[in-house]
Each structure stands twice: as structure tokens, then as C-alpha cells.
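Reviewing the structure listed below.
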Amino acid sequence: MKSTTKATILSFIIFAIIFLSFRVLLSTFFDFQNRLIPSVVSAVVASVLSPRRTIIKKQSGKEVQLKWVFSKKIISIK
């Protein structure tokens, strides 16, 4: 499996976990008449908090990195 595929799957899984957790929290604490509002809010929050995938070109080849908004640690996928 290529490193870009691994990074895409990992970032999607993290996005889904963040989205579902915020969706459940919003549904638990607030009573919305429309189901679209908590879904949109959860999608925006999840897209901001999910990791960003960047491809770095090095002498040894391409390397995929995941960068988080709230963490300085960079996850490198080879």
C-alpha cells in the first residue's frame, strides 16, 4: 500500500471519529428541530481539527506527513 493511501485512510478515520463524537455531543446537549444543523457544525469542527496531509519531497523520495492544528508533532508516513 502506498504512503499516500495510508495517509488518506488515516486522516479519514480521524475525521470520522471527530465528526461522530461532536455529532453525538451536540445531539445530547442540545435539542435541534432540524438534523442538518448539528451535522454541518460537526463537519466544520471536524475539518478544522483533523490532520492535514502534506507531501514533502526529499532526496530519498517523497514523504507524506500529517500535521495537526493543536499539536506540534508531525506524523511521517513512508
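For the chain, what is the mean residue ellipticity at 222 nm derived from helices alone (per DSSP H run of n ≥ 4: -39500 (n - 2.57); sum divided by total residues; nearest 500 deg cm²/dmol)?
-18000 deg cm²/dmol
Projecting each Cα onto the charge dipole of the chain (Lys/Arg +1, Asp/Glu -1 at the beta carbon, about the Cα centre), which of 20, 44, 9 comes out farthest on the positive side?
Selected residue: 9.
Working out 0.36 nm times the residue gap between residue 54 and residue 9, then minus their Cα-Cα distance, what length gain in nm do you get to one decimal?
14.8 nm
For helix 3-29, what angle does its Cα long axis make with the longest principal axis of the chain, in degrees from 0 to 90 and rounded to 10?
Around 20 degrees separate the two axes.
Can you pull the Kirkwood radius for the stretch 3-77, inverse mean 1/r over Cα pairs, to one decimal in Å?
Kirkwood hydrodynamic radius for the stretch 3-77: 13.8 Å.
Expressed as an acute angle from 0 to 90° and rounded to the nearest 10, what is the orientation of the C-alpha long axis of helix 36-49 relative to the principal long axis of the chain?
Tilt relative to the chain: about 30 degrees.
Provide the net charge surrounding residue 77, with neighbours chosen by a C-beta distance below 11 Å and charges set as Lys +1, Arg +1, Asp -1, Glu -1.
Neighbour charge sum, excluding residue 77 itself: +4.
Residue separation times 0.36 nm, minus the C-alpha to C-alpha distance between residue 41 and residue 26: what's the value?
4.5 nm
Each value in this text was obtained by applying a stated rule to the coordinates, not by laboratory testing. Here the structure is a predicted model, which is why all the values come from computation and not from measurement. Reconstructed Cβ throughout: ideal geometry from the backbone, glycine too, with neighbour counts over all protein chains shown.
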